[in-house]
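The values are calculated or read from the model by the stated rules, or taken from the named source; none is laboratory data. On a predicted model such as this, the values are computed, not experimentally measured, just so you know. Cβ atoms come from the backbone with ideal geometry, glycine included; neighbour counts cover every protein chain shown.
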Amino acid sequence: MSTRPAPILHLWLPALQSFDPGHPLLERLRRADRLGDGAAGYLGGLGEFFPGVDANLPAAAITREFLVGDAADTCWLSADPAWVQPDMTGARLLACGQLQLDMAEARALAEPLLPVFAEAGMRLLVSTPDRWHVQLPAGLALPKFDAPEQAMGEDLSQHLPAGAEGRQWRILLNDIQVLLHQHPLNVQRRARQLTPVNSLWLWGGGRLPQPLRSTLDGAISEDVLLCALAARADVVQLARTLHTVATARAGWLVDLQDLPATEIASTWWPSLQPLFERHPLQLHFGSGERWLHRPWHRWRFWRGSQR
């Protein structure tokens, strides 16, 4: 008679190379068991918890439904505020979302863009300061749009829709960048030593999919897409706080992948440390490495001194 494997608490962490040698997490890691590598990157990591998630995910419809609840049968496209830095060879995407906007600023930036989208038969909607959505007309063919992580730091020309079918979108993006470059709010942002919001990143197009599946019982996260996927898979979501992390249970995911490793050490470690004594933990690093730490591994003192 087969028995169900004991549930494991999952920790999703930033890339392993971002942890300094003295980080307290590495002391635990040296006592854990190395597993085979998993998927690297943000979308790859999501795919480990929600099977079928990849770069073709209709993230726009999923997040719009989660945030507003009106995705219905419409086709959607994410149009997230972005910072693009020109250089000698073109321009590079340096930030997408998390640009310290409030709702009033986001709406002010979007206002001059509304007629541009309307002229193309689309509606630009500000769902949150960091998450903007475009409602697309029926029958509009979408070219392939790369997710932000695929383009981050790279020459934009390598990630714009190509060919004749992409021409409309390249023109639209150019118009958006011109209008945002001239926006007075960006002058104010530069004066406050904030990066300008000088572009939108178009990605995640498609219609709302059927409900997803997941082996998770719950997720603790501040990531909108992860929470939206959890809701679509009927998985409980909790906000990330010191208390919810400290009381996380086996079968759940604690999402820390968006945090600097230094902040994990300074702010979150007191809440994380007891979890190593209480549950089997699978550590998922954004760079793909995987470890399994069981409570009794704390007695592996001979491993603790290894580098």
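Brief remarks on what is shown
- Residue in region 220-227 that is out of contact with any Asp or Glu (no Cβ under 8 Å at 6 or more places or on another chain) and not assigned by TED's automatic domain parsing to the domain that holds M122 present: yes
- Taking region 179-203 as the range and being modelled with pLDDT under 95 and of a type in the set (V, I, T) as the test, the residues that pass are V187, T195.
- Between R190, R167, the distinction of being in the same structural domain as P115 (by TED's automatic domain parsing) and either farther than 21 Å from L101 by Cβ or hydroxyl-bearing (S, T, Y) (or both) belongs to R167 only.
- Of the listed requirements (1) closer than 16 Å to L225 by Cβ; (2) modelled with pLDDT under 95; (3) among the acidic types (D, E), E65 misses just one: (2).
- Residue match in region 117-124 (condition: over 26 Å from the mean Cα position of the chain (by Cα) and not in a loop (DSSP other than H, G, I, E, B)): yes
- Residues in region 84-106 that are surrounded by 13 or more Cβ atoms within 10 Å (Cβ to Cβ) and in contact with a Pro (Cβ under 6 Å, 6 or more places away or on another chain): C96, L99, L101, A106.
- Filter result for the condition that a residue is surrounded by 20 or more Cβ atoms within 10 Å (Cβ to Cβ), among the aliphatic types (A, V, I, L, M) and touching a Gly at 6+ places or on another chain (Cβ under 8 Å), over L136, L109: L136
- Checking Q17, Q85 one by one, the residue that is free of Cβ contacts under 8 Å to residues at least 60 places away in the same chain and of a type outside the set (D, E) is Q85 and no other.
- Enumerated strands (runs of 3 or more DSSP E) restricted to region 188-271, each holding at least 3 residues that are over 15 Å from the mean Cα position of the chain (by Cα): 199-206, 236-238
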